[in-house]
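Mind looking over this structure? Questions follow.
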Amino acid sequence: MKTHMNFLHRSIATILALAAVMVGGLALAQEAVIRKTLPERWPNMPKIDEVVKSPVPGLWEVRMGTDIVYTDDQANFVVQGEVIDTKTRTNLTQARIDKLTAFDFPKLPFKDAVVIKQGTGARKMAVFVDPNCGYCKRFEADLAKVKDVTIYTFLYPILGPDSLTKAQDVWCAKDPAKVWRDWMLKAVVPPRATTKCDTTALDRNTELGQKHRVQGTPAAVFEDGARLPGAVPADHIEKQLSQASKKG
């Protein structure tokens, strides 16, 4: 009897394993169909980075960078929009995009930032700012009131050619932090860079911001990965710094 039960258990385990392999193979086959069919029928679509099953039966998520669309098993239809879980009222599409564009604070390229230390500098945050952004100037004034923080300022010149010129002048200055604050808080125009200077950091900042969907300035990022868009006041910044410190 015991031998019979062991045989039965092994048989069931084998059947389940074979079923899992078949399901996995079917999923790979359907993914291959989607990867082949969509570009054929949608010639100008960006490169497909990932195809995975969505939480909705019969619907597949197709990811291109940080952009997401949905399609059926045979790629006959494409759905552009958001998937909402009505039970939890969760925007599953936005949650997925948030995960894809989240910042891993310790891995930020701090060498490409202008560093401003206030007080002990024990707490840390990063900001994406354009030198010609009026809201950024208001935000900088509030940032200057916050105690014991190190601010990594990623110059993010997205508003036009003059923004790039000013960002280059700040980056190439002997004391970028002082020149930046003088411009943002006192309207002292950054002196023109008179020597050749490597400004590729600004290009990398632009790529970094685009990768993480920083679509406007100012935008703040904290040690726990939380983001605050817009010119939030000093008390909001303080609250977020405190929360990030607790999670750390």
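Restricting attention to region 35-78, which residues are of a type in the set (A, V, I, L, M, F, W, C) and either under 30 Å from L208 (Cβ atoms) or in the same structural domain as L208 (by TED's automatic domain parsing) (or both)?
L38, W42, M45, I48, V51, V52, W60, V62, M64, I68, V69, V78
Of everything in region 14-45, what is modelled with pLDDT of 90 or more, in contact with a strand residue (DSSP E or B) (Cβ under 8 Å, 6 or more places away or on another chain) and either in a loop (DSSP other than H, G, I, E, B) or basic (K, R) (or both)? Give them in sequence order.
R35
Here's something else I'd like to know. Residue check: is D203 part of a loop (DSSP other than H, G, I, E, B) and either out of contact with any Lys or Arg (no Cβ under 6 Å at 6 or more places or on another chain) or surrounded by 20 or more Cβ atoms within 10 Å (Cβ to Cβ) (or both)?
no
Conditions tested, residue by residue: (1) within 28 Å of the chain's Cα centre (by Cα); (2) within 30 Å of L100 (Cβ to Cβ); (3) not polar (S, T, N, Q).
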site	(1), (2), (3)
S163	yes, yes, no
K166	yes, no, yes
P176	yes, no, yes
W180	yes, no, yes
V189	no, no, yes
A193	no, no, yes
A201	yes, yes, yes
E207	yes, yes, yes
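Right, next: What about R227, is it of a type in the set (K, R), touching a strand residue (DSSP E or B) at 6+ places or on another chain (Cβ under 9 Å) and modelled with pLDDT under 95?
yes
Scan region 74-99 and report the pairs whose first residue is under 15 Å from W60 (Cα atoms) and whose second residue is β-branched (V, I, T) and assigned to a helix (DSSP H, G or I), with Cβ atoms within less than 6 Å and a gap of 6+ or a chain change.
Filtered contacts from region 74-99: A75/I34; A75/T37; E82/T93; V83/T93.
Only one of R89, R96 is of a type outside the set (S, T, Y), on the phi > 0 side of the Ramachandran plot and assigned by TED's automatic domain parsing to the domain that holds S54. Can you tell me which?
Details: R96 fails: on the phi > 0 side of the Ramachandran plot.
One residue alone meets the criteria, R89.
Scan region 209-239 for residues that are without any contact (Cβ under 8 Å) to a residue 60 or more places away in the chain and within 19 Å of the chain's Cα centre (by Cα) and jot them down.
Q210, Q215, G216, A226, L228, P229
Listed here are the residues, each with its yes/no results for (1) surrounded by 11 or more Cβ atoms within 10 Å (Cβ to Cβ); (2) of a type in the set (G, A, S).
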position	(1), (2)
G58	no, yes
V62	yes, no
T71	yes, no
E82	yes, no
A102	yes, yes
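The values are calculated or read from the model by the stated rules, or taken from the named source; none is laboratory data. As the structure is a computational prediction, the values presented were derived from the model and not from experiment. Because the Cβ atoms are built from the backbone with ideal geometry, glycine has one as well, and the counts that use them run over all protein chains shown.
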